[in-house]
Amino acid sequence: MKAWQVSQKADQSIDTLSLNEVQVPEPQADQVLVRLLEVGLNPVDYKIIEGGVDAWTFPHTVGIDGVGLIERVGDGVTNVAVGDRVFYHGDLRKDGTLAEYALTDARGLARVPDELSNETAAAILCSAMTAYQALYRKANLTNKQTILVHAGGGNVGVVAIQLAKQLGLTVISTTSKRKQSLVEEAGADFIINYRDEDVTKRVMELTDGKGVDLSLNTVGGAEIKSDLERMAYNGQILVVGDGIPADLDLDQRATSIARLALGGVYRSDNTNEIKDLGRMATELAGMAVNHRLEVPFDQSFGFNEVPAALQAIKNGSALGKLTIKVSE
């Protein structure tokens, strides 16, 4: 089979990826072998290529999200069967999904509804699941009325805005002018062009000086610190990824912080939490099928175009999810 791989530890750029011929792996206990149909790409895909992962052995196959057909099952697997069409967010420590076949932990799988295309299923995974986890797993919604969604035109942000509106929250979103239409279509109540406006000043104006109850912060770093000035008393900042500053003063407004992560759960070997990846994907798929959620999608690239697609994500030129068509 063919697989996109990082050949050695020193290869830490998109243009060093190589398309190699490798053996089809054999599933072990509690694993399945998936014949990949479509792969969803995410910023984390190029970031871990550039930064490396200590747990990798080389050559390492990249890719985290996958949609495909169950080809074989290992001992102990009872939740899926050969021929099932499934989708999943995988373990970035292990060989990934940018290949014709991939192994994955059966516990994290979800079945793809018949009504859902492979492209939409692939687009649901990492980014939409992050938004879902933020609002349905991490956020304390009691007595909360307002949310600030950073980068509302991004793939996490577009979904988060829709989910927040369904939950009855007033949504304030930051975006660039180029992505403003995406934020409008998602249903944000107020839009702040972060390049032209003072975000903190505008948030305080829109909330009559109280600040927002929730912030979904996909930017990290200094922007988390700036969020403290925008939060209402007893507010909560939901942080995607790393980069939480060490010197935050959370006491002044009794602010709490919740850290979001998906695939890292595989390190815990916590069966209930790993299964929750599948549950979240299933819920989102149901929303998409029932037209309660529009998943942002830009285009599907061919399997030979993986480096170009990753570069497009890094350059910020995509307006929605990019996916890779591995096979029909």
query: From the square roots a ≥ b ≥ c of the eigenvalues of the alpha-carbon gyration tensor of segment 140-241, which class results: rounded (a/c under 1.5), prolate (a/b over b/c), or oblate?
result: rounded
- prompt: With no solvent and one point per C-alpha, what does the Debye sum give as log10 I(q)/I(0) for segment 44-86 at q = 0.21, 0.31 Å⁻¹?
  reply: -0.80, -1.07
- request: For Asn140 and Val82, compute 0.36 nm times the residue count separating them, minus their Cα-Cα distance, and round to one decimal in nm.
  value: 16.9 nm
- request: Express the Stokes-Einstein translational diffusion coefficient of segment 19-73 in µm² s⁻¹, to the nearest whole number, given a Kirkwood radius over alpha-carbon pairs, 20 °C and a viscosity of 1.002 mPa s.
  value: 164
task: Would you please report the Å³ per residue occupied by the convex hull of the alpha carbon atoms in segment 1-158?
output: 143
query: Where the centroid of each part is defined by its Cα atoms, how far is segment 121-176 from segment 238-255 in Å?
result: 19
query: Rg (Å, one decimal) plus Dmax (Å, integer) for the alpha carbons of segment 52-118?
result: 12.6, 39
- line: A correct Karplus calculation of ³J(HN,Hα) over segment 164-170, with 6.51 cos²θ - 1.76 cosθ + 1.60, θ = phi - 60°, whole Hz and x for Gly and Pro, returns 5, 5, 4, 7, x, 8, 7
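How do Leu319, Leu206 rank by accessible surface area computed with a 1.4 Å probe, from largest to smallest?
Numbers: Leu319 70, Leu206 40 Å².
Correct descending sequence by accessible area is Leu319, Leu206.
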For segment 286-328 versus segment 8-68, the gap between their alpha-carbon centres in whole angstrom: 17
query: Which three extents, in whole angstrom, do the alpha-carbon atoms of the chain cover along their principal axes, largest first?
result: 61, 40, 35
field: segment 106-222, relative contact order in percent, only Cα pairs under 8 angstrom and at least six apart counted
entry: 25
- prompt: Between Asp247 and Val53, how many nm apart are label points set 7 Å from Cα along the C-beta direction?
  reply: 3.4
statement: A convex hull over the alpha carbons of segment 224-328 yields, per residue, a volume in Å³ of 201
field: Length-normalised contact order for the chain - Cα pairs under 8 Å, 6+ apart - percent
entry: 19
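The values are calculated or read from the model by the stated rules, or taken from the named source; none is laboratory data. Quantities reported herein were computed from a predicted structural model and do not represent experimental measurements. With ideal geometry, Cβ positions are generated from the backbone for all residues, glycine too; neighbour counts draw on all protein chains shown. Note: areas computed on protein heavy atoms with side chains; ligands, DNA, RNA excluded. Shrake-Rupley method; radii C 1.70, N 1.55, O 1.52, S 1.80 Å.
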